[in-house]
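Note sheet for the following structure.
All of the numbers you see were taken from the coordinates with simple rules; none came from a lab. Since this is a predicted model, take the numbers as computed values, not measurements. Virtual Cβ from ideal backbone geometry, glycine too; neighbours counted across all protein chains shown.
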Amino acid sequence: MDAPRRTRDLRGRTTLVTGANAGIGYWCAEQLAARGARVLLGCRSPERADAAVSAIRSRVPDADLRILPLDLGALPSIATAASGLDERLDAIICNAGVKAADRAARTDDGFDLMMGTNFLGHFALVAQLAPSLATDARVVVVGSITHRYAHLDPARVDAPWRGSSLAQYGRSKAAAMTFAFELARRWKGSSRIAACAHPGYAVDPLSPRRSGLAEVPAFLRALAAPSRVLVQGKDGGALPVVHAATAADVVDGDYWGPGGLLELRGAPVRVAATDAVRAPATGSALWAAAETLTGVRFRV
């Protein structure tokens with residue numbers, strides 16, 4: 001990735017980042033704001049959203065920010081957020097997610113917590129925000145290396161699951177990525193782009209400090225420091241996501257991630273997604289299942 005693309009001025013462009021109050025979402029928001037973008041922080045907690053805004057403005061004093069109250073685990077909250085948005089969107093970064101949960105945990109709508117938040121909530125959000133998207137808008141789904149090991153059955157997308165929480169997380173990320181690639185197929189021939197990106201292995205102890213965000217004790221930072229040769233901070237993990245949302249060399253259906261060893265860290269490059277998440281039949285079936293489960297029709 002060359003420097004001009006990485007630092008392209010984004011003034012006049014608006015991006016919604018879900019889960020922008022922490023982790024990869026926060027760093028996406030800060031990096032976009034630093035390049036002049038107007039950033040909408042889609043967050044469930046007003047207090048954490050306010051802290052994120054303060055942290056960004058401590059680094060980017062003139063940042064153009066707005067908080068959009070949003071709970072991806074509650075369809076009424078998603079509908080309210082979408083109906084209350086009165087501006088054009090140039091990009092949506094579907095980042096918010098639950099990384100671990102008990103198999104009994106459910107969203108407000110009764111869906112499995114990880115599948116409901118990581119996939120179904122984003123499906124409903126993008127569907128209802130479609131009228132607000134610019135003609136050259138991008139939708140970027142934050143995927144995961146774990147999708148490689150997931151078996152996804154569209155007919156059982158919200159069925160009770162067995163095995164580890166990590167395996168279910170992988171299924172939820174595989175579903176979200178399958179949705180993005182299906183959207184790319186349905187947008188074929190338009191100037192809109194749907195893509196995926198993953199952060200590699202990104203951890204808080206290697207991330208720069210930001211006042212008001214979760215603090216990592218100094219001894220943990222010291223212990224984590226040697227691991228920088230293999231993994232990276234969440235600021236580095238945000239780079240492939242921001243690249244997918246902004247760079248000129250991104251095309252419909254792309255998948256970006258870190259270019260280092262095992263895609264754990266490094267500068268953004270195109271990486272390979274599994275044939276399973278790119279399969280048109282799976283994408284079509286999953287799309288239909290998501291419309292049925294959420295009650296939201298996604299007209300393209």
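Note down the net charge around H147, summing +1 for each Lys or Arg and -1 for each Asp or Glu among other residues with Cβ under 9 Å from its Cβ. Intermediate results must be reported in sequence, preceding the final value.
Working: positive: R148, R171, K173; negative: none.
Computed value for this residue: +3.
In µm²/s, what is D for region 242-300 at 4 °C and 1.567 mPa s, where D = kT/(6 pi eta Rh) by Stokes-Einstein and Rh is the Kirkwood radius from Cα pairs? Show your work: numbers first, answer last.
Numbers: Rh = 13.8 Å.
The calculation lands on 94 µm²/s.
Ignoring everything except DSSP H segments at least 4 long, calculate the 222 nm mean residue ellipticity for the chain; use -39,500 (n - 2.57) per segment, divide by total residues, nearest 500.
Values: 10 runs with 109 residues, N = 300.
That comes out to -11000 deg cm²/dmol.
Suppose we take every Cα in region 1-96 and form the convex hull; what volume per residue is that in Å³? Show your work: numbers first, answer last.
Values: hull volume 9.0 nm³, N = 96.
Per-residue hull volume (Cα only) is 94 Å³.
Please report, largest first and rounded to whole Å, the three semi-axes of the ellipsoid equivalent to region 49-175, where each semi-axis is the square root of five times an eigenvalue of the C-alpha gyration tensor.
Numbers: eigenvalues 158, 57, 44 Å².
Computed over region 49-175, the values are 28, 17, 15 Å.
Starting from the Cα coordinates of the chain, work out the convex hull volume and express it per residue in Å³.
Values: hull volume 37.7 nm³, N = 300.
In the chain, the Cα hull volume divided by residue count equals 126 Å³.
On alpha-carbon atoms, Rg over Rh for region 184-300 using Kirkwood Rh? Don't jump to the answer; show the numbers that get you there.
On the way: Rg = 18.0 Å, Rh = 16.5 Å.
Looking at region 184-300, the ratio lands at 1.09.
For K234, list the lysines whose Cα falls under 19 Å from its own Cα; do not include residues on the same chain fewer than 8 positions away.
Those lysines meeting the cut-off are K99, K173.
For S77, what is the net charge nearby, where nearby means another residue's Cβ is under 9 Å from its Cβ and Lys, Arg count +1, Asp, Glu -1? Could the numbers behind the result be given before it?
Details: positive: R44; negative: D71, D108.
The answer is -1.
If amide hydrogens are placed 1.01 Å from N in the peptide plane, which non-local residues have theirs closer than 5 Å to the one on R265?
Y201, G260
Less than 9 Å Cβ to Cβ from T15, Lys/Arg counted +1 and Asp/Glu -1: what total charge do the surrounding residues give?
Numbers: positive: R13, R38, R138; negative: D90.
Result for the neighbourhood of T15: +2.
Using only the alpha carbons, work out the radius of gyration and Dmax of region 177-218 in angstrom.
17.6, 51
Hey, rough spin-label estimate for V251 and A288, points 7 angstrom out along Cα→Cβ, what's it come to in nanometres?
Distance between label points: 3.0 nm.
Sort out for me the Cα centre separation of region 94-117 from region 207-257, rounded to whole Å.
Between the Cα centre of region 94-117 and that of region 207-257, the gap is 23 Å.
Sort 19-29, 77-87, 248-258 for me by packing, meaning the mean count of neighbouring Cβ atoms within 10 Å per residue, highest on top.
Details: 19-29: 27.7, 77-87: 15.5, 248-258: 19.5.
Answer by packing, highest mean first, reads 19-29, 248-258, 77-87.
Sorted from largest to smallest, which semi-axis lengths in Å does the alpha carbon gyration tensor of region 193-255 give for its equivalent ellipsoid, taking the root of 5 times each eigenvalue?
Values: eigenvalues 164, 32, 11 Å².
Over the Cα atoms of region 193-255, the ellipsoid semi-axes are 29, 13, 7 Å.
Cut-off is 10 Å between beta-carbons; in what order do R270, R192, R156, R209 appear when sorted fewest neighbours first? Kindly include the intermediate steps, with their values, before the conclusion.
Details: R270 16, R192 20, R156 12, R209 9.
Listing R270, R192, R156, R209 from fewest to most nearby Cβ atoms yields R209, R156, R270, R192.
Taking H as built 1.01 Å from N, whose amide H comes closer than 5 Å to the amide H of V98, not counting residues under 5 places away?
N118
Output needed: percent of Cα pairs per 5 Å distance bin for region 65-111, bins running from 0 to the one holding the longest distance.
Percent of pairs per bin, in order: 4, 16, 24, 24, 15, 10, 5, 1.
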